[in-house]
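So the structure is just underneath, and the comments pick up after that.
The values are calculated or read from the model by the stated rules, or taken from the named source; none is laboratory data. Every value quoted in this text rests on a predicted model; they were computed, and no experiment measured them. No Cβ is skipped: glycine too gets one built from the backbone with ideal geometry, and neighbour counts run over all protein chains shown.
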Amino acid sequence: MRPIWIFDLDDTLHDASAHIFPHLNRAMTQYIMDTLALGEAEAHALRQRYWRIYGATLKGLMRHHGTDPYHFLVRTHELMNLPDMVVHAKRLRHALLRLPGRKVVFTNAPMQYALRVLKLIGVEDMFEIVHSVESTRFHPKPSVRGFQSLLRTLRGRPGQCIMVEDNLPALRTARRLGMKTVHITRRLHKPCYVSARLNSVLALTRHTI
């Protein structure tokens, strides 16, 4: 049975925390300020609250404020200077080539952004599917509905899947569904629902999952 490698995008295949996440966080806070008429401190707190509860700010805005998801994604992910913001390991393509099986990307980011990043890091042709937040009908990780949407698209079984991700709640859902899980982190703690803890995706070729 061929494995199916499911890769998160941000902070898994590339380092989004260095330059991209600070920009996105500011853009989302500004969006909330503009559309909900809140001050900066209130908008910042609301963004963080929804991220903690739902795993994505957008889901909270849709549920509680009727936000148009497409408008939100366009306004917050324009990132005109994206080529100067992307940081990734130079050996990424070589490492992915050495992994047998199918490979897909599963991200809470919008499709256009995901495709731009994958092209910039030189691996856009290595994934048969990019499953974005639009693909899940706006049920982002760690929502079970988002994972079920991906599995239907893949026509695969959870037992075939290896979820590679930096976010623990998403890995918890993946394991509950029957997937193997790889946590990309520099933290030493490894929860019971994590199959392997690695510092980088480059280390996947040196471990048996």
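Enumerate the strands (runs of 3 or more DSSP E) found wholly within segment 156-209, keeping only those where 3 or more residues are in contact (Cβ under 8 Å) with a residue 24 or more places away in the chain. Steps first, please.
On the way: elements: 161-165, 180-184, 196-198.
It comes to 161-165, 180-184.
Which condition number in (1) touching a helix residue (DSSP H, G or I) at 6+ places or on another chain (Cβ under 8 Å); (2) more than 13 Å from H14 (Cα to Cα); (3) of a type outside the set (D, E) is the one that V105 fails?
Here V105 clears every test but (2).
Can we say Y70 is of a type in the set (S, T, Y), outside the structural domain of P140 (by TED's automatic domain parsing), out of contact with any helix residue (DSSP H, G or I) (no Cβ under 7 Å at 6 or more places or on another chain) and modelled with pLDDT of 95 or more?
When the stated conditions are applied, Y70 passes them.
Sort out which residues of segment 73-100 are part of a loop (DSSP other than H, G, I, E, B) and exposed (fewer than 15 other Cβ atoms within 10 Å of the Cβ), and write them in order of number. If you could, list the steps in order and put the result at the bottom.
Filtering segment 73-100 for residues part of a loop (DSSP other than H, G, I, E, B) gives 77-81, 86-91, 98-100.
Scanning segment 73-100 gives E78, M80, N81, V87, K90, R91, R98, P100.
Could you list all residues from segment 72-88 that are in contact (Cβ under 8 Å) with a residue 40 or more places away in the chain and β-branched (V, I, T)?
Across segment 72-88, the qualifying residues are T76, V86, V87.
Tell me yes or no: at least one residue of segment 50-70 is buried (at least 16 other Cβ atoms within 10 Å of the Cβ), outside any helix (DSSP H, G or I) and on the phi > 0 side of the Ramachandran plot.
Initially, segment 50-70 is screened for residues buried (at least 16 other Cβ atoms within 10 Å of the Cβ), giving 50-51, 54-62, 67, 69.
Now narrow it down to the ones that are outside any helix (DSSP H, G or I): 55-56, 67.
Right, trim to on the phi > 0 side of the Ramachandran plot and you get 55.
Within segment 50-70 (the criterion being buried (at least 16 other Cβ atoms within 10 Å of the Cβ), outside any helix (DSSP H, G or I) and on the phi > 0 side of the Ramachandran plot), the answer is yes, since at least one residue qualifies.
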